[in-house]
Amino acid sequence: MISAAEVTPTPPPVRRPAARQPSGMAIQENRATPPERIRAAKDFKVELLYSVPSDKQGSWVNMCLDNKGRIIVSDQYGGLYRFAAPAPGKELDPATIEPIPAKIRAANGLLWAFDSLYVMVNDYEKKMESGLYRLSSSSQSDDRLDQVEKIHGFQASGDHGTHAILLSPDKKSLFLVTGDSTIPSTYTSTRVPPYWGEDHLLPRMPDGRGFMRDVMAPGGIIYKVSPDGKEFEVYSSGYRNIFDAAFNNEGELFTYDADMEYDFNTPWYRPTRICHVVSGSEYGWRNGAGKWPEWYPDSLPPVLNIGPGSPTGTTFGYGARFPAAYQNALFALDWSWGKVYAVKMVPRGSSYVATKEEFLSGSPLPVTDVIINPADGAMYFTIGGRKVQSGIYRVTYTGAESTAPATIDHTGEKARALRHKLEAFHGHTDPAAVKESWKYLDHEDPFIRTAARVAIEHQPVSQWSERALKESNPEKQVQALLALTRTTGIDRFHRKPTDAPIDKAMQAKILAALQNIRWSRLNNEERITLVRDYQICLNRFERPDDATVEKIINKLDSEFPAPTVELNRVLCETLVYLQSPNVAAKAVNLLNKAPTQQEQMEYARSLRMLKTGWTDKTHTEYFEWFLKAANYKGGASFEKFVENIKNDAVASLSDKEKAALKTVIERKAEKKSPLEVFASALAGRTTTHEWTLDELSAASQGNMKKRSFDNGKRMFGAVGCFACHRFANEGGMTGPDLTGAGGRYSVKDLLDQVINPSKEINEQFVPVVLTKTNGDTVTGVIVNLNNDTVMINTDPASPNEQTTVDRKQVKSIERSKVSPMPEGLLNILTREEILDLAAFVLSGGDAKNSMFK
């Protein structure tokens, strides 16, 4: 289900009219996507400068400017080329494109710095060692780059290998961006505490299709490196597949991380997202079902969740002759969906929050890299990759708004200075670190709180362990014990025979301290941290004796179920690990009531390992859930994940239980449509009324107070909204995130979007109609390209539903005028249910502070 317009706190920009895109625009062979097929923000002009001949110059994936302002580009499977940007209004003359003679290939990162061209090789074909190289000229009389020096080698290849190179704001060092299939390099120092851990309490579930099943933490890493490569520091980790990064004018670093499309519609799916790369940060990528949610206290939240996609290049708009809002924007490229986002950030605390705007889009438009050329104030971007048709474009502003250099927003400067002060303790010991950092362990800003904890983790444990165990402030103590558990225990998935014996005495002290913390003195976030402390302690040490287990169960069992999904998740998982006799009934009840397949799947995943406390009724209800889940839709690994959960659950049964449950275990699921599955919450109900906007608008007048947000959430699930829409960290991502709906829509406006879904279709989610040369049509969203293959998702509720079309057989691609969101979704609901649903959506997930309470 996709709503008609994206919900963001600010109105979307005015776009060029759809009439700019001629109907039936054909795809021309050996020519990059024409500008007429590219939609741009108002008053921006796109020029195609050059269509790259693939047989001679390959497919371009990376760019940079050299010391003379010339553009250097790289072929993903070949060499480098250099040329000057053509004059305004002119195309690039092929005769001016100069091959760089240096014997280097497969560059995924380029940077001119320290009078050299730095190149990050990521050789898919393994003809050259991946790693960081420096190119220079062997002659002082010319600038032909013909000398190659290897600075640092990496074990990496494929799409998740070694990527971008950045110059630090002080111009003294380099930052290297690497994906999660890059083997972590040896380092001279690390700002990330080197206590790598999966930190799963229950047995890990690798990807259902086996993708990267043996790759463990720390995942993708950003390194800070000296120009000669001798100083190699781990700066930040826990990413999936980051391709590029960019510094803002305050010296803060940001990257655009990838999702795992196979995980789509699972609780561990993490959308592509903009992350603030701060010193010592951990962003929680783990393989398979082990990815940490953004609300874990041992991770950090993103600045912005974007959605499905394939992140490539990033840059800030500094130096562009654009209006100020675009000069200050982070431009983030999505290769598979063919979009360039303008991410507009606002300081919050010592970090930022952001909204996104679709700046450019096209079908197909496999964008790979982007730069701003200060000489002409234009943006240049390339399309290509995976041997698809490549090209280079120029974007200029033609409107009347001022393009004078934008002013720097120093909001949040004091908070950032505090975070930087704490980050100065990272990576080394300092006698002042513990005293200074301890004061901020309970800071309201998670970035400051984390900077303080990381600083403490870098100090000798003997200096602060007793203080952590005896801390009287519970808000500080849950953070201090998190640090103590991480530094004194060893993750069982990383434990080696040569490691020191488990410190049972330390574990006993930590558990005793956790037991003494009063639940009532903590807020929801701190309670999650407390339970997470238990989880890490139980994982990094060992299962304690039965008496201790019973005490922990008694403490946590009375708090389950909790008021929030997040707290229920960690409580359920922990109580299952402890084999609580009461968790089965409570968790199955939550499983039956949960409105989203993601929440249901989380309870099912935990319950698979439970062997105690079952009754015939709860066991039967649990296995009946798999019959319902068989009709749920998700990514390529979704069905296999569900199958593996069931297999583990069956393996946890005794022989007697297997015999008693044989019928339900072996029963075959009845196939249903996604909407039929979600509508099971309204079992037996048929269409009640064909609601009109006037009827519901009138009904809402004076009737929006004291609404039932719980019922509204159930209705949101019952009519299938969660299948496509994200809302407060739950739901799909093929439609707009509706969490911020209350910041833009009135009740009437929201209802209008649902009742009339094709009235105004959000451009980010507009499907295309692809017409083939034989007259057949395919409607959906182009999600991937490979050579001459175009892949189209034809069902937004099922991202794995894809049709493959040969690019040479495509006659035309047009934007659809019909929304993928079906009409009549509200007709099955009563008036009160619709008003509850509207109040829930417009509350933004914050029922306590909603105007409709």
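Test residue 453 against the stated conditions and say whether it is surrounded by 17 or more Cβ atoms within 10 Å (Cβ to Cβ) and assigned to a helix (DSSP H, G or I).
yes
State all residues of the stretch 77-103 that are part of a loop (DSSP other than H, G, I, E, B) and either among the hydrophobic types (A, V, I, L, M, F, W, C) or under 18 Å from residue 148 (Cα atoms) (or both); if no residue qualifies, say none.
77, 78, 79, 84, 85, 87, 92, 97, 100, 101, 102, 103
Given the residues 74, 51, which is the only one that is of a type in the set (S, T, N, Q), part of a strand (DSSP E or B) and farther than 23 Å from residue 137 by Cβ?
Exactly one of 74, 51 is of a type in the set (S, T, N, Q), part of a strand (DSSP E or B) and farther than 23 Å from residue 137 by Cβ, namely 51.
Could you say whether any residue in the stretch 534-542 is over 25 Å from the mean Cα position of the chain (by Cα), modelled with pLDDT under 95 and surrounded by fewer than 21 Cβ atoms within 10 Å (Cβ to Cβ)?
yes
When the stretch 735-757 is examined, which residues are found to be small (Gly, Ala, Ser), over 18 Å from residue 699 (Cα atoms) and outside any helix (DSSP H, G or I)?
The answer is 735, 740.
Within the stretch 330-385, can you find the residues that are under 30 Å from residue 281 (Cβ atoms), in a strand (DSSP E or B) and among the small types (Gly, Ala, Ser)?
Listed by number, the residues that qualify are 332, 342, 351, 354.
Results for (1) exposed (fewer than 13 other Cβ atoms within 10 Å of the Cβ); (2) more than 34 Å from the chain's Cα centre (by Cα); (3) free of Cβ contacts under 8 Å to residues at least 40 places away in the same chain; (4) under 14 Å from residue 573 (Cα atoms), shown as yes or no for each residue.
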{"residue": "497", "(1), (2), (3), (4)": "yes, yes, yes, no"}
{"residue": "500", "(1), (2), (3), (4)": "yes, yes, yes, no"}
{"residue": "516", "(1), (2), (3), (4)": "yes, yes, yes, no"}
{"residue": "520", "(1), (2), (3), (4)": "yes, no, yes, no"}
{"residue": "545", "(1), (2), (3), (4)": "yes, yes, yes, no"}
{"residue": "548", "(1), (2), (3), (4)": "no, yes, no, no"}
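Might you check whether a residue that is exposed (fewer than 14 other Cβ atoms within 10 Å of the Cβ) and within 32 Å of the chain's Cα centre (by Cα) occurs anywhere in the stretch 116-125?
yes
Please determine whether any residue of the stretch 476-485 is open to solvent by 30 Å² or more (accessible area, probe 1.4 Å) and farther than 20 Å from residue 201 by Cβ.
Within the stretch 476-485 (the criterion being open to solvent by 30 Å² or more (accessible area, probe 1.4 Å) and farther than 20 Å from residue 201 by Cβ), the answer is yes, since at least one residue qualifies.
All but one of (1) in contact (Cβ under 8 Å) with a residue 60 or more places away in the chain; (2) open to solvent by 50 Å² or more (accessible area, probe 1.4 Å); (3) in a helix (DSSP H, G or I) hold for residue 586, so report the exception by its number.
(1)
Find all pairs meeting these conditions: Cβ atoms under 6 angstrom apart; at least six residues apart or on different chains; first residue within the stretch 737-755 and closer than 22 Å to residue 356 by Cα and among the basic types (Lys, Arg); second residue modelled with pLDDT under 80 and not in a helix (DSSP H, G or I).
744/7
Residues to consider are 458, 443; find the one that is open to solvent by less than 40 Å² (accessible area, probe 1.4 Å) and either among the charged types (D, E, K, R) or in contact with a Lys or Arg (Cβ under 9 Å, 6 or more places away or on another chain) (or both).
Going through 458, 443 in turn, just one is open to solvent by less than 40 Å² (accessible area, probe 1.4 Å) and either among the charged types (D, E, K, R) or in contact with a Lys or Arg (Cβ under 9 Å, 6 or more places away or on another chain) (or both): 458.
Return the residues of the stretch 47-74 that are open to solvent by 20 Å² or more (accessible area, probe 1.4 Å) and either within 17 Å of residue 385 (Cα to Cα) or aromatic (Phe, Trp, Tyr) (or both); say none if nothing qualifies.
Matches in the stretch 47-74: 50, 51, 53, 54, 55, 56, 57.
Taking the stretch 569-583 only, how many residues are in contact with a Ser or Thr (Cβ under 7 Å, 6 or more places away or on another chain) and open to solvent by 10 Å² or more (accessible area, probe 1.4 Å)?
Adding up the residues that qualify gives 3.
The values are calculated or read from the model by the stated rules, or taken from the named source; none is laboratory data. This one's a predicted model, so the numbers in the text were calculated from it and none came from an experiment. Positions of Cβ are generated from backbone atoms using ideal geometry, with glycine treated the same way; all protein chains shown enter the neighbour counts. Protein only, heavy atoms only, side chains kept; ligands, DNA and RNA dropped before computing areas. Shrake-Rupley method; radii C 1.70, N 1.55, O 1.52, S 1.80 Å.
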